[in-house]
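Structure, as structure tokens:
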Amino acid sequence: MSAYDHHHPSHAASHLTAMVRTRLNRPPPPLPRADGALLAATATVLFAAAAATALLFYAPRFAAKPGPQLQPARIGEVVLAVPQDLAGTGEDDTSRVVGMVRLRLDWPSFGPVTAQSRKKLLITLSPPDKVNEPATQLATYARFLTPTVWSNPGGLVVRGFRKSSPYEGDELYVSVPDGRGFAARCPLDSGAVTLDELCRVTFRHRGMDVNIRFPRTVIADWELMIGGVRRTIDGLMR
């Protein structure tokens, strides 16, 4: 220390402070190579363990579920691909269906029938037949109807059939004004029949005759039923 520093204490203090700051700002000495390698190995193990844990918990959520197997079908000029869970066939049945297709749909979801299904629609798709044209059907029914007409929920009117006619014991539910939108036959509700899908309606769609057997309890929702079946058929076409 110089004589000047003895006579100027403040200058000496400043010089000491600067030396301390210089030492504090120096970077820490590097770790020995062995410690660095150990830390790197530990980090690798921890990362691998975290990745394995994430894969274990989250991979099943993102695994793609296989879709239902499709069964090829042809009705006249119409080509269809029918999921087996809608047709009710087994997984080993992959043969091509020609001439007629049967579907079983849950009501009101129009999806596959399951053990939880309380109501279902039984559908048959077949080549067009003139007897199923709306005008022909109504003309045939008209020959055997009684004059009595009464209304029904869903905007339908109901007609009875004469005794000793081919349709004795049935009622005809038709849409207004002329029945061309919907004309279904249901047996009289006697309570003696245990089957659910007793009502039936046939109409033309996409070059096919569509016959639906359905529970009487859904007849007021006939527009929803017909629209849902049409959309389901559209989704099967190829």
Restricting the search to the range 148-161, which residues are open to solvent by less than 50 Å² (accessible area, probe 1.4 Å) and hydrophobic (A, V, I, L, M, F, W, C)? 156, 157, 158, 161
Pairs where the first residue, in the range 110-133, is free of Cβ contacts under 8 Å to residues at least 12 places away in the same chain and the second is buried (at least 16 other Cβ atoms within 10 Å of the Cβ), C-beta under 6 Å, 6+ apart: 117/106
Residue list for the range 169-190, restricted to those being farther than 30 Å from residue 78 by Cα, open to solvent by 70 Å² or more (accessible area, probe 1.4 Å) and not polar (S, T, N, Q): 176, 177, 188, 189
Output for the range 103-147, where each listed residue is surrounded by fewer than 11 Cβ atoms within 10 Å (Cβ to Cβ) and at positive phi: none
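Residue-wise test of (1) closer than 29 Å to residue 88 by Cβ; (2) part of a helix (DSSP H, G or I); (3) out of contact with any helix residue (DSSP H, G or I) (no Cβ under 9 Å at 6 or more places or on another chain).
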| residue | (1), (2), (3) |
| --- | --- |
| 131 | yes, yes, no |
| 135 | no, yes, yes |
| 140 | no, yes, no |
| 154 | yes, no, no |
| 157 | no, no, yes |
| 178 | no, no, no |
| 202 | yes, no, no |
| 209 | yes, no, no |
| 231 | yes, yes, yes |
In the range 199-222, residue most open to solvent (accessible area, probe 1.4 Å) [restricted to those that are more than 27 Å from residue 74 (Cα to Cα) and either touching a residue at least 40 places away in the same chain (Cβ under 8 Å) or not basic (Lys, Arg) (or both)]: 217
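The values are calculated or read from the model by the stated rules, or taken from the named source; none is laboratory data. This structure is a prediction, so every number in the text was calculated from the model and none was measured. Ideal geometry is used to build each Cβ from the backbone, glycine not excepted, and the neighbour counts take in all protein chains shown. Calculation scope for accessible area: heavy atoms of the full protein, side chains included, ligands and nucleic acids excluded. Shrake-Rupley method; radii C 1.70, N 1.55, O 1.52, S 1.80 Å.
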